[in-house]
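Enquirer: My questions all concern the structure below.
The values are calculated or read from the model by the stated rules, or taken from the named source; none is laboratory data. In this text, all values refer to a predicted model and were calculated from it rather than measured experimentally. Positions of Cβ are generated from backbone atoms using ideal geometry, with glycine treated the same way; all protein chains shown enter the neighbour counts.
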Amino acid sequence: MVQPIREAALKPAAAESYPYLPARMWTAAGHLAKLVAKYRGIPAEAVSRFNRVLSDQDFMFRGGRPEMA
């Protein structure tokens, strides 16, 4: 069974790049994407499944559908 909500957690190795996020804390990926976009000055309406702000390099993902992160 697939979790209905896609979750993301900041990798400890990337914590220095995102001082405003706790590392290894699983949170709704959409919420984290909005926080990262706001910090980077990206308008909220620009955040979508086609314009990902959470990279696989810096974040771990689980549940939901991968294309929605």
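Enquirer: Can you find, within segment 1-35, the residue that is nearest to Gly64 (Cα to Cα) among those that are free of Cβ contacts under 8 Å to residues at least 12 places away in the same chain and part of a loop (DSSP other than H, G, I, E, B)?
Expert: Met1
Enquirer: Looking at segment 20-52, which of the residues that are out of contact with any Phe, Trp or Tyr (no Cβ under 7 Å at 6 or more places or on another chain) and among the hydroxyl-bearing types (Ser, Thr, Tyr) is modelled with the lowest pLDDT?
Expert: Ser48
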